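The values are calculated or read from the model by the stated rules, or taken from the named source; none is laboratory data. Small disclaimer: the values here were computed from a predicted structure and weren't measured. Reconstructed Cβ throughout: ideal geometry from the backbone, glycine too, with neighbour counts over all protein chains shown.
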């Protein structure tokens, strides 16, 4: 909840500032104390909150799935194994439906990681916006954003990794020449080479950018709405009650977005990798 | 929107997670799923085979039962035949035994008759002698006439 001293503007700004570690204006290294300071740190700074929560959730995911994989049985599965199997089966079906590039041991585990990890990160949005930052504040941490996917660095980091994989598989399947040829001689043939390069180049770059920004935009907007609803709590009991219902409604609706965005990110990853495996003629 | 080192950190952790998932999570789970699929398929096949075998066994059982019934009927027939034979045999034996008994009885009766005749003869002689004695009380010498009477008895 916003403390008395904060205006709405400051409250929102506070909620949208990462816990940033980098070089401070005085030359030393440490956490930024304000949004301006964080921005001034430039590229050589790191969002500790984003890293902490994403790695925490990633490890949680892998720990859970690994604990099942270690004592997996082809006989009667337990409850957790049942859930894990259902997830794996779901991912496997999606991959088989969208990916036609032959045998590839990377795509399916990649899709599983993408899906579960993003779902977990997105779900952080459903924790009331003030809980963890207040807790962190009580522990002396000034800023905290708990939804890693509402940080463009996180989504872009994943999207760029996918982008590298796209280029890697394009070159692996078609060779360097084939890949460059694909960029240069389509769709207008040899004579339209500059236009081809421009179009295909944009097409290629658009893949990771759209992948990253779609997820980021959805989660950022969702978080923003939660913050705005949270503002109502400091505007009297009537608006506060109204805000409680709004938050409930938005949270329920947001579950849909959480799953949907994770699914879209996963499906597009599969589709892009599938396209990287296809020979264009 | 400040792009910074977090981007690279995220890429690295993402790659690490994918690598871990690919090495240690995905293969065992998928292997277990495949194995279960195979086991279920095997189980279904085995069930079908079992059913087939059961049908065969039922057929075989029916055949065996049929043969057994036939054999039983045969044995029963033989037994009946043998029984009839035995009955016939014993009837024959009984008849001959009866005849033998009758024969023996008849012989005994004949003997009895003869003995009775003998006795009668001797008694008749005695009675005749007694009668003659009474009739011829005085003048008769029993000694002299008993020879004549013996001759007489022998002639009867």
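Whether a residue is modelled with pLDDT of 85 or more and within 18 Å of residue A:153 (Cα to Cα) was assessed, and residue A:39 does not pass this test. Just one residue in the set B:49, B:95, B:36 is more than 7 Å from every other protein chain (Cβ to nearest Cβ), modelled with pLDDT under 95 and part of a helix (DSSP H, G or I); that residue is B:95. Taking the condition facing chain A (nearest Cβ under 7 Å), free of Cβ contacts under 8 Å to residues at least 24 places away in the same chain and touching a strand residue (DSSP E or B) at 6+ places or on another chain (Cβ under 6 Å), does residue B:5 pass? So residue B:5 passes the test. When segment A:91-132 is filtered for residues that are surrounded by 21 or more Cβ atoms within 10 Å (Cβ to Cβ) and more than 14 Å from chain B (Cβ to nearest Cβ), the ones remaining, listed by number, are A:122, A:124, A:125, A:129. Considering (1) more than 10 Å from chain B (Cβ to nearest Cβ); (2) closer than 18 Å to residue A:55 by Cβ, the lone condition that residue A:135 does not fulfil carries the number (2). Only a single criterion out of (1) under 24 Å from residue A:118 (Cα atoms); (2) touching a helix residue (DSSP H, G or I) at 6+ places or on another chain (Cβ under 7 Å) is not satisfied by residue A:224, namely (2). Residues of segment A:59-73 that are more than 9 Å from chain B (Cβ to nearest Cβ) and under 25 Å from the mean Cα position of the chain (by Cα): A:60, A:63, A:64, A:67. Applying the selection to segment A:38-58, what residues are part of a helix (DSSP H, G or I), facing chain B (nearest Cβ under 7 Å) and more than 16 Å from the chain's Cα centre (by Cα)? Passing the criteria: A:38, A:39.
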